[in-house]
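Reviewing the structure listed below.
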């Protein structure tokens, strides 16, 4: 009976070790994560490249660009957020994704202003979106994410 109990405990310890080992080995490496992000960026980057940055003095062009850019950026962000970063990058990636979400929110505000024909707000929000890209890009580069296009 004691041998059976010892075997059960040993099996439990082995199971715990296997689970711990499996979860840590299932985590992508930094290189694997960055390669997956780069693959997403390579898919969406060329789509974004087809959209010429508008002159903010021409509201119709800004509206058109925002309407075309927003769904592409939203799809790209969804795909990148679905990737699991390695533990060592999680905090930094979370900050980067938060900045990306903030940029997308600014773009949504620009889009709403365009629909209301509030051209002043449209222009300001579009410029805010562009300026926020610098900070987002800098943090992405620090992580190792290609910029542009991500």
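Any read-out appearing in this document is the output of simple, stated calculations on the displayed coordinates, not a laboratory observation. No experiment lies behind these values; they were computed from the predicted model shown. Note that we place each Cβ from the backbone using ideal geometry, even for glycine, and neighbour counts take in every protein chain shown.
The table that follows gives values for the structure above.
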quantity: Residues 127, 80, sorted so that the one with the fewest Cβ neighbours within 10 Å comes first; calculated: 127, 80
quantity: Virtual spin-label span in nm between residue 135 and residue 70, 7 Å along Cα→Cβ; calculated: 2.2 nm
quantity: Using a Förster distance of 35 Å, the FRET efficiency for residue 50-residue 142 (Cβ separation, nearest 0.05); calculated: 0.80
quantity: Solvent-free Debye scattering, log10 I(q)/I(0), computed from the Cα coordinates of the range 28-143 at q = 0.11, 0.21 Å⁻¹; calculated: -0.38, -1.13
quantity: Theoretical gain in end-to-end length, residue 117 to residue 43 [0.36 nm per residue, Cα-Cα removed]; calculated: 23.4 nm
quantity: Residues 119, 129 arranged by fewest to most Cβ contacts within 10 Å; calculated: 119, 129
